[in-house]
Amino acid sequence: MENMATRTQTAQRPNGSAQGKICQFKLVLLGESAVGKSSLVLRFVKGQFHEYQESTIGAAFLTQTVCLDDTTVKFEIWDTAGQERYHSLAPMYYRGAQAAIVVYDITNQDTFGRAKTWVKELQRQASPNIVIALAGNKQDLANKRMVEFEEAQNYADENTLLFMETSAKTAMNVNDIFLAIAKKLPRNEQASGASASGQGRRLAEGDTGARAAGSCCK
Amino acid sequence: MAVATFSQIDEYGFERPTTFDYKTYEDFMSKYLRILARRSKRWEELKESEKTRRTNILKRFVRKGIPITRRPIVWMSISGGQQAREQSNYTYLQLKERISNASINETIEIDLPRTFPDNIYFTKENILPRQLFNILSTFAHQNNDVGYCQGLNYIAGLLILATKSEEYSFWLLKVLVENILPKYYIKSMSGLLTDLAVLDELVEINEPILHRHIKAIGMPWAVTTTKWFICIYSEVLPIETVLRIWDCIFYEGSKIIFRVALTLIKMHKAEILECKDLADIVTCFKSMAHNPKVIDCHYFMSRIFKLPGRLSNKQLEELRNKHALAK
């Protein structure tokens, strides 16, 4: 699979699109411990990868902005802790979220089972219009694969999930999965929910570092 | 005048981030080194028995900071770790021999390289990660209600760095998890959820305007303070500040966690009130660690006993009972 956005380009501020619409979406990452949730976010937001990413306690919050046609899409990303006992804290992160990425590790069948549990929970408990993407991460370790691509694709199709295999390490499909989500999200004012207060507001630069790769503001 | 230069690696083996504020740190250290020397001398002047026995003198000394070389012994003695060690039916070595559960061990193994990947003692050598594994797995095997909870890796890791003793670290971890922080790490994390509710009420009592503002933005305390409580500020605040907090926690117990939380929140009241949304507020809470007043651990520790006002163990117990029942 060809990767369109291997390298994050350095900051290109979306000033050009300032007149366009700004949508703000809350996105949550869920999945078993050590499948690469934080690494996917770090790759997407900062274009970095650490072989040993610190385990997330509670949750981490980051933002990243991508441009899609005439719209600036700002993701507010909640990266959650994976260990089962932190589960009771998870609803406060997916409550009101417009999108979720449920992550598993393609080299570990158990994590795929856990991903399915998360999907079920989201379908039951999260907002009915939530866009759910399934990410089979660690694609760079495909020689140790335990979850077949077709198996996950079929599951995703049955549940109308977006699905990609990703690699936070090589950056494969990382920007793509966020972009695919952005494309599926409704980009009118009402639907962007939390964005009401964010409309027209200058985008916070804070954590975001480099702007999203490739796709932005052509 | 010569300007002191600080290594890119601190004395506990942590690599300083590229964004490290050397100027602020230098300003602080130039004062703090003198304080450390004075405190060290005062500790030497204590009678041998006064150095470990729980008295008001020792409590005051602990609040002003335990000298780095005395920490292992003093922590063991004031926390009840030494007592637990002496009264246990099994030695640490005997408990360690019981490590057998493959599933627990695998979970811990995954977290070893993810614990302090910015610390040279954990990344360049094999000894500390092995010790960390032994402590976490031995602990998990002797406490089924807790087992292994993510976050304990940071606490045990910092205990090893501070005490340089695998055995002391085990007993200190045991008293922290089993006596000092009740039910934080068990599978339901009920103690943590209770304490988050207690914090909410304490902020409401202490800072009603701030509380209303945070509520209006819709920030659940768990979002910003889970890591504060679970890691007891390790991986949150600067290491010197964390160790000074731990000095007091080992002596005075978990109410110190609330004193620190309330101090951080009160110190940053103006900044919090300026926050307009959740993103602002999360960023604001994260940036507290870089405040020179927080980096200056000696100043910060003097504030935690003044800013939040009165907070007794009795009051804390009542609040905990109330919120534990409320669930």
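The values are calculated or read from the model by the stated rules, or taken from the named source; none is laboratory data. Not measured: the values here are computed from a predicted model. Cβ: placed from backbone, ideal geometry, glycine included. Neighbour counts: every protein chain shown. Ligands, DNA and RNA are stripped out before the accessible areas are found, and what is left, the full protein with its side chains, is counted by its heavy atoms. Shrake-Rupley method; radii C 1.70, N 1.55, O 1.52, S 1.80 Å.
Starting from the residue with the highest accessible area, list A:TYR52, B:TYR251 in decreasing order, probe 1.4 Å.
From most exposed to least exposed: A:TYR52, B:TYR251.
Can you list the lysines whose alpha carbon is less than 20 Å from that of B:LYS96, not counting same-chain residues fewer than 8 positions off?
Leaving aside lysines fewer than 8 places away in the same chain, those within reach of B:LYS96 are B:LYS164, B:LYS174.
To the nearest 20 debye, what is the magnitude of the charge dipole of the range B:190-326 about its Cα centre, counting +1 on the Cβ of each Lys and Arg and -1 on the Cβ of each Asp and Glu?
260
Once the convex hull of the alpha carbons of the range A:47-111 is built, what does its volume come to per residue, in cubic angstrom?
134
Compute, for the protein assembly as shown, the length of the dipole vector about the Cα centre, with Cβ point charges of +1 (Lys, Arg) and -1 (Asp, Glu) only. Units Debye, rounded to 20.
Dipole magnitude for the protein assembly as shown comes out near 1960 debye.
How big is the dipole moment of chain B about its Cα centre under a simple scheme where the beta carbon of each Lys and Arg is +1, that of each Asp and Glu is -1, and everything else is neutral? Debye, nearest 20, please.
1220
Are there any chymotrypsin sites (Phe, Trp or Tyr not before Pro) in the range A:71-151 that are in a DSSP loop and have at most 12 other Cβ atoms within 10 Å? List them by number.
Loop-located and lightly packed - none at all.
Which distance in Å, rounded to a whole number, links the C-alpha centroids of the range A:29-102 and the range B:89-163?
Each part's Cα centre sits 27 Å from the other's.
Can you pull out the GluC sites (Glu not before Pro) in the range A:14-98 that DSSP calls coil and that have at most 11 other Cβ atoms within 10 Å?
Taking the range A:14-98 and a limit of 11 other Cβ atoms within 10 Å, the loop GluC sites (Glu not before Pro) found are A:GLU51.
Taking springs between alpha-carbon atoms closer than 10 angstrom, which of B:LEU132, B:LEU193, B:LEU311 fluctuates most in the Gaussian network model of chain B?
Its mean-square fluctuation being the largest, the pick is B:LEU311.
Report the Rg/Rh value for the range B:81-146, based on alpha-carbon coordinates and the Kirkwood definition of Rh.
Rounded to two decimals, Rg/Rh equals 1.02.
State the dimensionless ratio Rg/Rh of the range B:288-327 (Rg: radius of gyration of Cα atoms; Rh: Kirkwood radius).
A ratio of 1.20.
Choose one of B:VAL294, B:THR138, A:GLY47: the residue whose Cα lies farthest towards the positive end of the charge dipole of the protein assembly as shown (beta-carbon charges +1 Lys, Arg; -1 Asp, Glu; about the Cα centre).
It is B:VAL294.
Sequence neighbours fewer than 8 away in the same chain don't count; with that in mind, list the lysines whose C-alpha is under 17 Å from A:LYS169.
A:LYS37, A:LYS46, A:LYS138, A:LYS144
Among DSSP bridges having both ends in the protein assembly as shown, what percentage is antiparallel? Round to the nearest 5.
Here the antiparallel bridges make up roughly 30 percent for the protein assembly as shown.
What spacing in nm lies between the two simple spin-label points modelled at A:PHE149 and B:SER30, each 7 Å away from Cα in the Cβ direction?
Here the answer is 6.2 nm between the modelled labels.
Assuming a ≥ b ≥ c are the square roots of the Cα gyration tensor eigenvalues, decide whether the range B:64-180 counts as rounded (a/c under 1.5), prolate (otherwise, with a/b larger than b/c) or oblate.
oblate
What is the spin-label model distance, in nm, from A:ASN129 to B:GLU125 if the labels are put 7 Å beyond Cα along the C-beta direction?
5.8
Taking only the C-alpha atoms, wrap a convex hull around the range A:29-155 and report its volume per residue in Å³ as a whole number.
About 124 Å³ per residue, rounded to a whole number.
Over every pair of different alpha-carbon atoms in chain B, take the mean of 1/r and invert it; report that Kirkwood radius in Å.
20.8 Å is the Kirkwood radius here.
Using only the alpha-carbon atoms of the protein assembly as shown as identical scatterers, what base-10 log of I(q)/I(0) does the Debye formula give at q = 0.08, 0.13 Å⁻¹?
Evaluating at q = 0.08, 0.13 Å⁻¹ gives log10 I(q)/I(0) of -0.55, -1.44.
Would you check the accessible area of A:HIS50, probe 1.4 Å, heavy atoms only, in square angstrom rounded to 10?
Near enough 90 Å² of accessible area.
Going through the range B:1-78, which GluC sites (Glu not before Pro) have at most 13 other Cβ atoms within 10 Å and a DSSP loop state?
Of the GluC sites (Glu not before Pro), the ones in loops of the range B:1-78 whose Cβ has at most 13 other Cβ atoms within 10 Å are B:GLU11.
Name the residue farthest towards the positive end of the dipole of the protein assembly as shown from the options A:THR111, B:PHE305, B:THR107, assuming +1 on Cβ of Lys and Arg, -1 on Cβ of Asp and Glu, about the Cα centre.
About the Cα centre, the residue reaching furthest to the positive side is B:PHE305.
For the pairs B:LYS51/B:LYS187; B:LYS269/B:LYS322; A:LYS116/A:LYS184, flag any whose C-alpha to C-alpha distance is greater than 29 Å.
Long pairs (Cα-Cα over 29 Å): B:LYS51/B:LYS187.
Is the shape of the range B:1-96 best called rounded, prolate or oblate, per the rule: a/c under 1.5 gives rounded, else a/b larger than b/c gives prolate, else oblate, with a ≥ b ≥ c the square roots of the Cα gyration tensor eigenvalues?
In terms of gyration-tensor shape, oblate.
Semi-axes of the equivalent ellipsoid for the range B:190-326, please: Cα gyration tensor eigenvalues, times 5, square-rooted, ordered largest first, whole Å.
Result for the range B:190-326: semi-axes of 20, 20, 13 Å.
Return the single residue from B:ASN291, B:ASN179, B:ASN89 with maximal mean-square fluctuation; model: Gaussian network over chain B, springs between Cα atoms under 10 Å.
Of B:ASN291, B:ASN179, B:ASN89, the most mobile in the Gaussian network model is B:ASN89.
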